[in-house]
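One structure is given here, and the rest of the page talks about it.
Rule-based calculations on the coordinates, nothing more; no lab input. What you see is a predicted model, and the numbers here were worked out from it, not measured in a lab. Reconstructed Cβ throughout: ideal geometry from the backbone, glycine too, with neighbour counts over all protein chains shown.
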Amino acid sequence: MTFTGTTNKSITIKVDLATGFIEGYPTLQRNLSYMKGMFRDDAAYEALLAKGDVKMYDFYDLGLPRTSAELAVGTSIVYPGKVGDEYFMTKGHFHEVLECTEVYYCLSGHGYMLMESPEGDWEVGEFLPGQAVYVPGRYAHRSINVSPDEPLKTFFVFRGDAGHDYGTIERKGFRKLMVERDGKPAVIDNPKWGNA
């Protein structure tokens, strides 16, 4: 279902809590090959890719009109896994309307939202079932799944005309990365940051 103009009607959204899928809407799938250059350890990335182009995450976007009067809503499902010691994650993005905020509500799983501003400030918010993370305006954000065997499923809402700026992340990456250290998540500096 695609909309033009404004919806001018209510919409009932059925989210399958077991899968994170939204009934009646297509999924957008992102595999490992989509994440080239996003991980710190290029050799570990290439070794994993040689075994197969595994699915990293899915997301659902209802395709509502891109106007400031609408809200974009959907779900994101990040699958468990690691590239070297770095957890599976979404590519991450700024919004084209940089001041736009976004809310992610955790349906199930365990993970983190890594956030950073163009000025270099950064934060990490934890995802646990029933817990929401508010992403402030001006902050790029990326969901990270730290569970060894369970998908991280979140429901998101943001202003309809905010758009997505993936290009900045593709060129520069995030300043910080989340890796496993002694069996626990840890935040480290990204040695590849800004090397575009």
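When the Cα centres of the range 12-73 and the range 179-194 are compared, how far apart do they sit, in Å?
About 22 Å separates the Cα centre of the range 12-73 from the one of the range 179-194.
What does the charge add up to near PHE158, with Lys and Arg as +1, Asp and Glu as -1, over the other residues with Cβ less than 14 Å from its Cβ?
Numbers: positive: ARG66, ARG138, ARG159; negative: ASP61, GLU70, GLU96, GLU99, GLU102, ASP161, ASP165.
Here the count lands on -4.
Would you kindly derive the ³J(HN,Hα) couplings of the range 118-131 from the backbone phi angles with the Karplus curve 6.51 cos²θ - 1.76 cosθ + 1.60 (θ = phi - 60°), listing them in order in whole Hz, with x for Gly and Pro?
Here the 3J(HN,Hα) series is x, 7, x, 5, 9, 8, 10, x, 8, 9, 9, x, x, 10 Hz.
Please compute the net charge surrounding GLY120, taking Lys and Arg as +1 and Asp and Glu as -1 over other residues with Cβ under 15 Å from its Cβ.
-1
Relative contact order of the chain: what whole-number percent is it, with Cα pairs under 8 angstrom and at least 6 residues apart?
That works out to 23 percent.
Stretched out fully, how many nm does the piece from ALA186 to GLU96 gain, at 0.36 nm a residue minus the Cα gap?
That pair, ALA186 and GLU96, stretches by 29.5 nm at full extension.
Per residue of the range 136-142, in order, report the coupling 6.51 cos²θ - 1.76 cosθ + 1.60 (Karplus, θ = phi - 60°) as ³J(HN,Hα) in whole Hz, putting x for Gly and Pro.
Per residue, the Karplus-derived 3J(HN,Hα) values read x, x, 6, 9, 5, 8, 8 Hz.
When ranked by the protection proxy of mean other Cβ atoms within 10 Å per residue, highest first, what sequence do the peptides 154-162, 93-101 form? Intermediate results must be reported in sequence, preceding the final value.
Working: 154-162: 20.2, 93-101: 16.7.
Per-residue mean Cβ counts within 10 Å order the peptides as 154-162, 93-101.
Which pairs, out of LYS14/LYS172; LYS14/LYS55; LYS153/LYS184; LYS14/LYS36; LYS14/LYS82, put more than 27 Å between their alpha-carbon atoms?
Check vs 27 Å cut-off fails for LYS14/LYS172; LYS14/LYS36; LYS14/LYS82.
If you count, for each residue, the other Cβ atoms within 10 Å and average over each peptide, how do 59-65, 40-46 line up from highest to lowest?
Peptide ranking by packing, descending: 59-65, 40-46.
Report the one residue of MET89, PHE21, GLY125 whose Cα lies farthest in the direction of the positive end of the charge dipole of the chain (charges on C-beta: Lys and Arg +1, Asp and Glu -1; origin at the Cα centre).
Going by the charge dipole, the pick is PHE21.
For the ranges 163-173, 11-21, what's the packing order if you count other beta-carbon atoms within 10 Å of each residue, average per peptide, and put the highest first?
On the way: 163-173: 15.3, 11-21: 13.4.
Descending mean neighbour count gives 163-173, 11-21.
Any idea how far apart ASP41 and GLU150 come out in nm if each label point goes 7 Å out from Cα toward Cβ?
Rounded to a tenth, the inter-label distance reads 2.5 nm.
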